[in-house]
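In what follows, a single structure is set out as structure tokens and then discussed.
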Amino acid sequence: MATDVHVHTGYCNGNSSAPIYCYVGYTTSQDISNNRSTISCYWWISVPSGWTIGPWSDVAGSYVGTTGHTFNGAIANIGAGSHIISDTKSFNVNHNADGTGATTIYWKWGVNSSWGRVQKPSGSFNITLPTIPRQANITSAPDFNDTQNPTIQYTNSAGNSVTSLQARIENSAGNEAYVEYRDIAKTGSSYTFNLTDAERNVLRSKCPNSNTLTVKFVVKTVIGGNTFWSTVNKTMTIVNGNPTFPASSITYADTNSTVTAITQNNQNIVQNQSNLKVTVADATANKYATITKYEITFNGVTRTINGASGGTVDFGTVNLSMDEDVTVKVTDSRGNTTTRTKEITILEWSIPSAVISCKRLNNYEDDTNLKADVTISDVDSKNAILELKYRYRKQGTSTWSSYTSFSDGVQTTFQIDKDYIYDVQVVVRDKFYTRTYDLIVIKGVAILFIDVALLSVGINCLPTVANSLEVNGYDFMSLYPVGCIMYTTVNTNPGTSVPGTWTLLTSGNLITGLNQTIYAWTRTG
């Protein structure tokens, strides 16, 4: 593969006019499979033009390589300019494991002839041998996901000289095969791992708690009994690994048996009455992950079930008046999630209410009129007024009358003594709740009453003073009691319009700064 020539000069009998040249050379060839080079050494004699030296009685040369090879030879007459190859010898030099190699050639030569002895005693020179290709090398490799078939690029300068060339995928530490060795082309430049389902599952199983896995691509070269590896670390990513969890895995029910007895349907959740429980079935983890938790959220409240199995959570009573979704988020060991929703049917319900009127006839009579206009929630046409009743008692006592039922929106009349205040209770009950209203009926008070015995008039009250006019219990005859003084600008006795006997006390400019006559009258009777 290479040729080098070293020239060494000698002289016949020391006569510088008769130089003799000895040429030392070599060639190399490579044995790739055995990782060695073969070196062939040769030499010859050269006589300058115009000279003939001979006959030669002895020409001897010795060449010693690193392996200790030697050779000798003898020739006859040498004419001017002649080149006589005396001998050629070959020997092997083993290279290092990486394919590099070097050796040293030692030489000596001499000539005995009738002209005398010419001799160049000895010498040496070093040889750096061409490197022998030893292994294939990965030039590039991709990051890939668990559904792809990754392709590596490589070079193999040794070609078919290698015993075997294989590739595999292993763990990053290099001590466990994920995808076993398979042969790759010795003269190729790329290889695609067409992964089987079993091989993909091996890779997935190695990262149950992460969506990524560091893997090592390996190309193994066997040549001449020696094994070499080229490696590159890359990342495999899990894709489409979210848990399997259909919406049908979410169910719910009203667990309040009293309510379901009314609605006849545990899928109808009655506002503030039903007890809502949500059940989630087991989700399925994918690609060798495991389910770690379920998060169930409804009406802003989240309940968590930890572990692989689903279960039931209790949200209690629900204060909502319209349908609402329950959301379930499932999380696996890689942190992948799947979220599904289920609509919860909500039936609006509120406490029964009533607008109630309860008052005496003419605000005075014993007869008392009672009317209630009741409002209840429909609850999918399942609700109804079960009771509407009243009772009463004289205020300050503890004994109630018996309950009496009456009809919604229809006036009913009962009698209570107009001389007393009464407590009245009205009870409204639908299928879910009983509500009680507490009312008070005041004593009977006439709007206008003329008392012929006292010769008095009462407005919104009964007169109590003779010859009086009383409004809401106040006697207007008491506006100017005996001894009071009335100032006027008219000289007219007040008794003409105001009850009582009036006497003029004085008159004149009684108020400073007022230039007008003022009359002061006092009530004397």
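The values are calculated or read from the model by the stated rules, or taken from the named source; none is laboratory data. Not measured: the values here are computed from a predicted model. No Cβ is skipped: glycine too gets one built from the backbone with ideal geometry, and neighbour counts run over all protein chains shown.
Scan (1) at negative phi; (2) out of contact with any Lys or Arg (no Cβ under 8 Å at 6 or more places or on another chain) for the single condition SER381 breaks and write down its number.
Every listed condition holds for SER381 apart from (1).
Determine whether ASN383 is touching a helix residue (DSSP H, G or I) at 6+ places or on another chain (Cβ under 8 Å), over 24 Å from ASP438 (Cβ atoms) and among the polar types (S, T, N, Q). Reasoning before the result, please.
Numbers: touching a helix residue (DSSP H, G or I) at 6+ places or on another chain (Cβ under 8 Å): yes; over 24 Å from ASP438 (Cβ atoms): yes; among the polar types (S, T, N, Q): yes.
In short, yes.
Return yes or no: is ASP419 surrounded by 12 or more Cβ atoms within 10 Å (Cβ to Cβ), in the same structural domain as ASP378 (by TED's automatic domain parsing) and within 30 Å of TYR403 (Cβ to Cβ)?
No: the conditions fail for ASP419.
Just the residues that are surrounded by 12 or more Cβ atoms within 10 Å (Cβ to Cβ) and of a type in the set (Ser, Thr, Tyr), please, taken from the stretch 422-460.
Listed by number, the residues that qualify are TYR422, TYR433, THR434, TYR437, SER456.
So VAL259 ticks every box in (1) surrounded by fewer than 19 Cβ atoms within 10 Å (Cβ to Cβ); (2) within 29 Å of GLU295 (Cβ to Cβ); (3) more than 32 Å from the chain's Cα centre (by Cα) but one. Which box is left unticked?
(1)
Looking at (1) in a loop (DSSP other than H, G, I, E, B); (2) touching a residue at least 40 places away in the same chain (Cβ under 8 Å); (3) within 16 Å of THR235 (Cα to Cα), find the lone condition where ASN194 falls short.
Result: ASN194 passes all but (3).
Go through ASP314, ASP332 for me and flag whichever is loosely packed, with under 15 Cβ neighbours inside 10 Å and over 25 Å from LEU388 (Cβ atoms). Break it down into steps so the answer makes sense when it comes.
Values: ASP332 fails: loosely packed, with under 15 Cβ neighbours inside 10 Å.
Of the residues listed, the single one that is loosely packed, with under 15 Cβ neighbours inside 10 Å and over 25 Å from LEU388 (Cβ atoms) is ASP314.
Just checking, which of GLY310, GLY335 is in contact (Cβ under 8 Å) with a residue 12 or more places away in the chain and on the phi > 0 side of the Ramachandran plot?
Details: GLY310 fails: on the phi > 0 side of the Ramachandran plot.
None of the others qualify; the one that does is GLY335.
Given the structure, is ILE442 among the β-branched types (Val, Ile, Thr) and touching a Gly at 6+ places or on another chain (Cβ under 9 Å)?
It is false that ILE442 is among the β-branched types (Val, Ile, Thr) and touching a Gly at 6+ places or on another chain (Cβ under 9 Å).
Any residue in the stretch 491-518 that is modelled with pLDDT of 80 or more sitting within a Cβ distance under 6 Å of a residue that is surrounded by fewer than 12 Cβ atoms within 10 Å (Cβ to Cβ) and not hydroxyl-bearing (Ser, Thr, Tyr)? List the pairs, counting only those 6 or more apart or interchain.
The qualifying pairs are THR501/GLY525; ILE518/ILE511.
Checking the condition exposed (fewer than 14 other Cβ atoms within 10 Å of the Cβ) and more than 26 Å from ALA253 (Cβ to Cβ), which residue from ASN369, ASN362 passes? Walk me through how you get there before you give the answer.
Details: ASN369 fails: exposed (fewer than 14 other Cβ atoms within 10 Å of the Cβ).
Checking each option against the conditions leaves just ASN362.
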